[in-house]
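Reviewing the structure listed below.
The values are calculated or read from the model by the stated rules, or taken from the named source; none is laboratory data. Note that the structure is predicted; figures quoted are calculated from it, not measured. So basically every Cβ, Gly included, is an ideal-geometry build from the backbone, and we count neighbours across all protein chains shown.
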Amino acid sequence: MQEISVQRTRHPKQKPKDESKLGFGSIFSDHMFVMNYDEGQGWHNPRIVPFGNFEISPAAMCLHYGQSVFEGMKAYRAVDGRILLFRPDRNMARL
């Protein structure tokens, strides 16, 4: 197991006044976990650092193909009880 270094922020954020009204994606931690990867070393250099921007390659597949992030199919129940899918054959072909 690798040692995880911790770099504490010098500018902690104020905590929300009413924690019962937290919204998803609107309040973030003061810190974030980051780790490097390369083919030679695999995953390495795990660390917790102050929250901030990070770099991502413009060639990252997740920027070009949404299915690398999310993939799914919705099923709906019709009034008569049948299960309806929208073009399941085309959905499977994309995988």
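Return yes when HIS11 is exposed (fewer than 10 other Cβ atoms within 10 Å of the Cβ) and of a type outside the set (Lys, Arg) and no when it is not.
It is true that HIS11 is exposed (fewer than 10 other Cβ atoms within 10 Å of the Cβ) and of a type outside the set (Lys, Arg).
I'd like the full set of residues that are at pLDDT 90 or above, out of contact with any Pro (no Cβ under 9 Å at 6 or more places or on another chain) and surrounded by 11 or more Cβ atoms within 10 Å (Cβ to Cβ), limited to the stretch 36-83.
Those that are at pLDDT 90 or above, out of contact with any Pro (no Cβ under 9 Å at 6 or more places or on another chain) and surrounded by 11 or more Cβ atoms within 10 Å (Cβ to Cβ): HIS44, ASN45, PRO46, ARG47, ILE48, VAL49, PRO50, PHE51.
Any residue at all in the stretch 5-23 that is free of Cβ contacts under 8 Å to residues at least 40 places away in the same chain and under 17 Å from the mean Cα position of the chain (by Cα)?
Taking every residue of the stretch 5-23 in turn, at least one turns out to be free of Cβ contacts under 8 Å to residues at least 40 places away in the same chain and under 17 Å from the mean Cα position of the chain (by Cα).
For PHE33, state whether it is in the same structural domain as MET1 (by TED's automatic domain parsing), aromatic (Phe, Trp, Tyr), closer than 30 Å to SER5 by Cα and loosely packed, with under 10 Cβ neighbours inside 10 Å.
No: the conditions fail for PHE33.
Would you please list the contacts, defined by Cβ atoms under 8 Å and residues six or more apart or on different chains, that run from a residue in the stretch 41-52 that is in the same structural domain as HIS31 (by TED's automatic domain parsing) and within 26 Å of LYS13 (Cβ to Cβ) to a residue that is surrounded by 11 or more Cβ atoms within 10 Å (Cβ to Cβ) and among the polar types (S, T, N, Q)?
ASN45/ASN36; PRO50/THR9; PHE51/THR9; PHE51/SER29
Can you pull out the residues in the stretch 14-30 that are farther than 28 Å from TRP43 by Cβ and either in contact with a His (Cβ under 7 Å, 6 or more places away or on another chain) or exposed (fewer than 10 other Cβ atoms within 10 Å of the Cβ) (or both)?
Selection gives GLN14, LYS15, LYS17, ASP18, GLU19, SER20, LYS21, LEU22, GLY23, SER26.
Would you call MET35 without any contact (Cβ under 8 Å) to a residue 24 or more places away in the chain and part of a loop (DSSP other than H, G, I, E, B)?
No; evaluated as a whole, the condition is false for this residue.
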